[in-house]
Structures are given as structure tokens and as C-alpha cells.
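Derivation of every value follows stated rules applied to the coordinates shown; laboratory data play no part. These figures come from a predicted structure and were not determined experimentally. Cβ: placed from backbone, ideal geometry, glycine included. Neighbour counts: every protein chain shown.
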Amino acid sequence: MRKSSKLSENYMSKENIIADFRLANLSRHLSIIGRREVLSGKAKFGIFGDGKELVQIAMAKQFREGDWRSGYYRDQTWMMAMGLYNSLEFFHQLYGNTNREINPGSGGRVFNNHFSVPNINSDGTWRDLTKQKNSSSDISPTAGQMPRLLGLAYASKLFRQNKELSGFTRLSNKGNEVAFGSIGDAATSEGHFWEAMNAAGVLQVPMAISVYDDGYGISVPKKYQTTKGSISDILKGFEKEPGRPGILIYKGKGWDYPGLIRLYEEGISICRRDHIPVLFHIDEVTQPLGHSTSGSHERYKSEERLKWEEEFDPIRKMREWIIDQEIATAEELDKVAAEAEAEAKESRRKGWEMFQNPIRIERDALVKIITDRSCRCREDAKEDSVDKISEDLLRVISPIRKDNFMAARKILRNVCETCSKADNLNEELHGWLKRNYADASASYDRFLYNETPTSVLNVKPVAPVFSENSPEVPGRQILRDNFEKLFEKYPLLVTFGEDTGKIGGVNQSLEGLQKKFGELRITDTGIREATILGQGIGLALRGMRPIAEIQYLDYLMYALQILSDDLATTHYRTAGRMIAPLIISTRGHRLEGIWHSGSPMSMLINSVRGVYVCAPRDMTRAAGFYNTLLEGNDPAIVIEPLNGYRLKEKMPDNIGEFRIPLGRPEILNTGTDLTIVTYGSTVRIAAEAVKQLTLHDISVELIDVQTLVPFDSDGIILDSLRKTSRILFLDEDVPGGTTAFMLQEVLEKQGGWNYLDSPPRTLTGKEHRPAYTTDGDYFSKPSAEDIFDAVYAMMKESIPAKY
Ligand SMILES: Cc1ncc(C[n+]2csc(CCOP(=O)(O)OP(=O)(O)O)c2C)c(N)n1
Ligand SMILES: [Mg+2]
């Protein structure tokens, strides 16, 4: 355990100390007022940084431009100390102001005290990340910040060690950036924490994680959370020893202002200089207001603990220290504290006004339409009359937009469809609704995907080119040669995963490439899917182009939480201000066995909206997707078809150059009787069935959707259905899985039901996972015979005389 002894003079001027005292007080008053705002019903929920003020002030002093933060919901003081947050924004977050210009962290999409700093401009181009203090965007799931933190730190290692990256001066200053993290004591119980700590020790990256140890995870004390009740004690085995890699461990106290400053000054400078991960275990931290607005801590903390928390309140302790050191008098400090309180109160007033004003303006415009109308409208109203609804709306004390819209939509039911009056009420109401609804829903619906010119959907497709001499090669070779071109073309491209480096992947689609491009670009990792994913997210946030390898689709489940909660929501939860264009490469479908079946596609597409999902049928398509994705800036998953590595495909002449567009299905066989819609490995099986069906005079149009998200952007499947009037959705997912998704897309969204002559059908895998025994595959997943029988039955039902 390291204890810093060196005294820091840098920060010890009276001016600095008083400024810190003021900030600590401001932050505390924001917490206190914030809690009141929730309890009085003006805000929905609040979680605050009270008790953690001093450690964050100390940390912020070491945070430089170019550095990165990956923290959690206690970090308001830290963010303010870095100049990235202020008291007014505190209230914009608390009230959930959806104006992303004034509530830039999230535009009201996440809880309060979840922060972010944009990494892209509004046109999608990268900002100069070395000229700003960076914060990745916080998520609420405990320890969810850890995998990403690892990646943010890993980027510094790559920028420092890979000399070919020295030209990317807007992304990194020679890898000198530290990735700062914060986490609560209880959240260190999560697997993500341990996985990330181990990986940081292995990788030796500049990751500086602070544990705020306030002894509780909501109501559950440390004895249920941490062996021996001390995270730094049990991490001792990770501790750096001379000549061996490891983690530096520092211990500090949450109320010890000068001690914390010294601690961070020393720890961060070593971390930055030597790229050694550091853990700061900050003990004796208090939580004066309890966990959140959802309850009070008197329910679970003893009298004794509550008394201790009062005595060791960091602001009280800082005040005592300042007076003791004769830096300032009690009167001076009281004045500073009073100013801070006044600022917090003024920000509340202003924040509330800025939250309420636009809603009231919108409401008043609606009410004016009603009061100014010349017609009394329908007196036979089934519900309340127009006037009553309007009067009730005016009576709402703190209206939200929902109140306005509920009123407007109910009023509309009582208004005649046609009206000859000059102030046509129907028209005016529709106008009001259209204008305001579009605006409101944009606040909530936009930015799930990249909407800027850098969207991958804007990438120009390039078809693979074949000539007479194009050789037939195993699929893996197409991927390999394609990757070789990509690694030559994109210096920021890296890939990493289990067995990815030395042997070039279990299917050898990167064979020999580590030798050619080096270990920094193509590397093995430990078996740790969640942090492989996080490693990718962190790199992508910092402007690199990572491909994170997950060995098989089935193992993606270990990373699914991070994929779903973090990656898939990054762009959305920052209201379009951050992007993490991570590509996840994995492989699935058609292997045998319960944990190697590779088909949980609906689990995937339904939990990762915000990430594009490519399901290529062969390696040419897979390569084409990588080529497209690297030209755009979106996160995506590519699921290579597992049985395609050895199957032969024609090698395109323009390897590395051709680009398969997303959202564009391909018609592989034209037909007139029935459309089969499928993707991935079942394409091959369907093609076999189509051949058999042709012999029986059934003409099938076979469509490979190619990408599940986006799904058929131009309605190619609908055009086919118009022609055939019959449709079968096929895959090897569970019943009600991805086939149901496709069915909804085509029949409901595209309007395909209009053209049906027969009931639509789905053909899927069984409900259980496939058994390992070789025949298990045949009986658990659709075979060519199953497809034949299903199609034949549909034709027979439709035209019994013929079949
Ligand atoms: C995965 C997950 N499980 C449970 C929760 C609910 N939860 C929110 S905060 C919290 C306690 C965290 O305690 P700690 O890590 O010590 O941080 P503190 O709040 O004490 O600062 C819990 C259980 C959550 N957000 N995410
Ligand atoms: Mg805690």
C-alpha cells in the first residue's frame, strides 16, 4: 500500500483553497436543494455527490486536457471542478430539460448526474480530443463504467507505442492521457470490476480508478460486499512489485483535503508517465443525504454511524483544517459558504424557469386557440367539454408537455372534422399538434443512429468484381486477404480478442497478419468478453477504429450487458453528441450443441437497437460489410457464418475495396409462386430447397436480407411479395424470434399484408437449443426438407388442384 509523503506546494495558495472550499459548498448545496426539489415533486428522481466532494476536487487537479473520465453518478463536484458542469446545468439535468443546447450531457435522456462531453461535432467530424477534457457518457448499471474505462486507457498505450499513429495529433498527445474512473465501494462486487482490474494489470495501461468507499451500496453494508471489508486489502495480490507488472494501490481518506491532493498528484503522475494502472481506495467517505431520493439512510445506518458521518463530513473537516492552518477565519469561510448557497438557489430558480417556460408557452398557445375560437363546438361531448379540458390544463401547477398533448388530443375528439369558420379550430389544433409533437418526439426519438454525413448508410456501395480468372478459395482466405488490405489502408484499425493474435483467429481469418502488422494492431486478449467489448468502446470513443473479436456468437452473452447498456445507447443517450463506431466481429449459426448453436439472433437484435446487425451469408458479404463499416462511423456487429470458412467462394478482384450496403436485401433466385426471406447460414439451405422445389414446379423467390438492422430500407421484399403473394420467413432462431421480427417488418411496416393470398408462415429452430449429437442439428433446425415441405404445404393449401 502506498502512502504519499511528498508535500505538494502547487495547490496550497489561499486563493485555490478558498475556491475549492467554495466549490465543495456549492456542490453540497446543490445536492441538498436537488433532494428537496424531488421530494416536493418538481423533479422525478435525484442522486447526488454529497460526501464525495473533496476527493473529486483533488482528482480534478490532475485531470488534463486530452484525459478521459469514465465515472458514475456521484461525480458532480469533479465535473464542476474541471469546468465541464455548472450549477445551472445541474438543475437542467434534475428537471430533465430536453433542450440539448442547454442540457448538453444528455438532453434529458438519462438520470441526473450522468455526464458526457461530445467527441464529435454536429456534422459528425471528430473534435480535437486533445484540446478538451473528455468524459465518456455515464450509465446507471453499477460497474458498467469499468469495461469502457479499460478501453479509454488502452488507447493511450496504442497511441504511445505505435509510432505510426504519431500523426493523429487531434486524437492523442503521444498517448500521455490518463483514463480516470470512479466507482462506489459496493459496485466493486461486480464481475466487471474484477475483469477490468485484471485486464488493466495485464495490459499495463494508464487507468486510474478511484473507489469512493462510503461503506454502503444503498442499504447493504460492506460486510456483505467485500471480503475483509476492504477493497485495497483484497487487491494486494494485484499490487505492483519491482520488475513485475501490476497495479499501484493508494489509500486515502475522503475528508483529508491536503492528503488527497498529495495522493492524486503522486499517483497520477506515475500513471501518466509509466502507464501503470492505479487504484485509489478512498475510505472514510460519507453520504450525508443517503443514497438517493428514493429513501432515507436513517432506515439502515446506526446512530453511531450517522454521528460519525456528521463528524467526518468532508466539508466540515476542510473548514476545521483551514481554520487550524490559519488560512482563513471562520467568518471568511461562512461568507464563502453563504455565497455558494445563494448561487445554488439562484440556479434552481433559473433552471426551473428555463424548464417551465417553453412548456407554458406551448400550453398558452393551445389555450389561446381554444379561447379565441368563434364556435362553441360539439355540445354532445362524450367526455369533458372543450372548455373544461382547457380550463383544467390551465390549473396544472407545474405542467409537463404530456399535459398539453393529452388536452389537445382530447379536445380534438370534440371538434368537428370539417368547419367553415375562418378560425377553423380543427385545422388550428392539427397545426399546433403537428408542430409541437414533431418537436417533442425529436427530443426523445432522434439519434438512435448516426444522422450526420458520416453515417454508414451514406457510404457508396461498390460491387465485388469477378473475372474469368478469379480463383475459388476457402471463405477464410477472402476475409484474410480483405483484412490485410484494410490494415494497410486504415492506420487506426486494430483488432483484438481470444486467439485473434498469434494464430489469427480460431478460423484463421487473420492468419499471418499479426506478423505483418505487429502485436499492437492484432492481438490476443484474455477470456473476458465484457471487457473486450469495453476495450472496443473506449478505443472507438477516442477515434480509433477497433474491431472487437468475440470468438462465437454464443459468448457474446457475456458482453451483452455492456453491448446493450453502453454501446447501443452511446449516441442516443448523449443526444447525438458522442459516437463509438466499434465493429464487433463474431461468428455464428449452424454449429452443433447447446452453447455452440450460434443462433440467438432475436436476443441480439432486440437488445442492441442503436447498433447495426449484419448477418452475411458468406465471407465475401462479410468482407464487404467490414469495408463499408470502416468508411462510416457507426457501431455494428458482423456475424460471420461459421460454416463458411472452408467453403469455397470466388475471390473478388477488388478485394478490400468492394462495399456491401446495409439495409439492402439481395434476391438470389427470382420466382413467382412464393417468397422465402432469410439470412446468414440458412440461405444456403434455402437455396438447396429452392432447387428441389423447382423440380416440383414451384417457383421460389429467395431473398437474403443481409442486414437485420437496418432491415430492407427500400422495400425490396414488399416488391417480391406483390409478385408472389405468398411468403415464408426462415431462420434457425427460436419460434417468435427473428422470423417474427421480419414478419412484422414486412407485413405490418411495409404493408405486405395487402398482397397476401395465403397465410404468412415462419419456419424456425425449435424452442430448445440444439443437441450436440450430429443429428441434433437436423432435428433442431430447419433442413432443406423442412423448407420443401413447408413451401409445398403452402402451395397445396392455396392451389389444391395443382399440388
Ligand atoms: C447492475 C445494477 N444493479 C443494481 C443497481 C441498483 N443500484 C444503484 S446504486 C446501487 C448501490 C451502489 O453502491 P456503491 O457502488 O457503493 O455506490 P454509492 O452509491 O454508495 O456511491 C445499486 C445497488 C444498479 N444500478 N445496477
Ligand atoms: Mg457505497
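Annotations for the structure displayed:
- Ranked by the mean number of other Cβ atoms within 10 Å of their residues, highest first, the peptides 409-416, 494-501 come out as 494-501, 409-416.
- Dipole magnitude (debye, nearest 20) for the range 201-252, charges at Cβ of Lys, Arg, Asp, Glu: 120
- Burial order of peptide ranges 165-171, 141-147, 322-328 (average beta-carbon count within 10 Å, highest first): 141-147, 165-171, 322-328
- Under the Debye formula (equal points on every Cα, no solvent term), log10 I(q)/I(0) of the range 460-503 at q = 0.14, 0.20, 0.21, 0.28 Å⁻¹: -0.49, -0.89, -0.94, -1.18
- Since only GLY46, GLN76, ALA24 are under comparison, the one whose Cα sits farthest along the positive direction of the charge dipole of the range 24-84, derived from C-beta charges on Lys, Arg, Asp and Glu, is GLY46.
- In terms of surrounding Cβ atoms within a 10 Å radius of their Cβ, LYS802, LYS485 rank from fewest to most as LYS802, LYS485.
- Packing rank of 219-230, 271-282, where each peptide gets the mean count of other beta carbons within 10 Å, highest leading: 271-282, 219-230
- Amide H contacts for ALA43 (H built 1.01 Å from N in the peptide plane; partners 5 or more residues away or on another chain; cut-off under 5 Å): VAL38.
- Residue-span extension gain [GLU797 to GLU239] - 0.36 nm each, minus C-alpha spacing: 193.7 nm
- Reduced Cα scattering model of the range 1-132, Debye log10 I(q)/I(0), q = 0.10, 0.17, 0.19 Å⁻¹: -0.37, -0.96, -1.13
- The dipole here belongs to the chain: it is taken about the Cα centre, uses +1 on the Cβ of Lys and Arg and -1 on the Cβ of Asp and Glu, and is about 920 debye.
- Between the range 726-803 and the range 666-694, the alpha-carbon center distance in angstrom: 12
- Its residues counted as N, the range 339-431 yields a C-alpha radius of gyration over 2.2 N^0.38 Å of 1.38.
- Per-residue ³J(HN,Hα) for the range 670-685, Karplus 6.51 cos²θ - 1.76 cosθ + 1.60, θ = phi - 60°, Hz, x for Gly and Pro: 8, x, 10, 8, 7, 9, 9, 10, 8, 6, x, 5, 6, 4, 4, 5
- Nearest-0.05 FRET efficiency for CYS375 and SER607, computed from C-beta distance (R0 41 Å): 0.20
- Inter-site label distance for ASN357 and ARG409 at 7 Å from Cα along Cβ, in nm: 2.9
- In order along the range 476-484, phi translates into HN-Hα couplings of 4, 6, 5, 4, 4, 5, 5, 4, 4 Hz, rounded to whole numbers, per the Karplus curve 6.51 cos²θ - 1.76 cosθ + 1.60 with θ = phi - 60° and x for Gly and Pro.
- Compared with the alpha-carbon gap, the fully stretched path from HIS430 to ASN754 is longer by 113.7 nm at 0.36 nm per residue.
- Degrees, to the nearest 10: 619-629 long Cα axis against longest axis of the chain: 40
- Zero-based 5 Å bins, Cα pair distances in the range 681-803, whole percents: 2, 11, 20, 23, 21, 14, 7, 2, 0
- Distant-in-sequence amide H partners of LEU493 (H built 1.01 Å from N, under 5 Å): ARG545
- P(r) histogram, all alpha-carbon pairs of the chain included - 10 Å bins from 0, percent: 2, 12, 19, 21, 18, 15, 9, 3, 1, 0, 0
- When the charge dipole of the range 602-678 is built from unit charges on Cβ atoms (+1 for Lys and Arg, -1 for Asp and Glu) and taken about the Cα centre, the candidate among GLY656, PRO641, THR675 whose Cα reaches farthest toward its positive end is PRO641.
- Charge dipole magnitude, Cβ of K and R +1, D and E -1 - the range 539-645, Cα centre, debye nearest 20: 240
- Between helix 401-413 and the chain: long-axis angle, C-alpha atoms, 0 to 90°, nearest 10: 50
- Sequentially through the range 723-728, phi angles give Karplus couplings (6.51, -1.76, 1.60; θ = phi - 60°) of 7, 9, 6, 9, 8, 10 Hz, Gly and Pro residues having no value and appearing as x.
- Pairwise centroid distance, computed over Cα atoms, of the range 237-303 with the range 104-124, Å: 27
- Relative contact order, percent, the chain [alpha-carbon distance under 8 Å, six or more residues apart]: 12
- For the range 605-668, the fraction of alpha-carbon pairs in successive 5 Å shells from zero, as %: 4, 16, 26, 26, 18, 7, 3, 0
- Prolate/oblate/rounded label for the range 533-669 (Cα gyration tensor, a/c 1.5): oblate
- Residues of the range 399-414 with amide N under 19 Å of the 7 Å Cα→Cβ point at SER40: 399-400
- Between 0 and 90°, nearest 10: helix 14-39 axis offset from the chain longest Cα axis: 60
- Projecting the Cα atoms of GLY512, PHE487, THR500 onto the charge dipole of the range 469-521, computed from C-beta unit charges around the Cα centre, puts PHE487 farthest toward the positive end.
- MRE, 222 nm, helices only [DSSP H, n ≥ 4, -39500 (n - 2.57), over the chain, to nearest 500]: -12500 deg cm²/dmol
- Taking amide H as placed 1.01 Å from N in the peptide plane, the amide H of LYS240 sits under 5 Å from that of ILE247, LEU248, ILE249, each at least 5 places away or on another chain.
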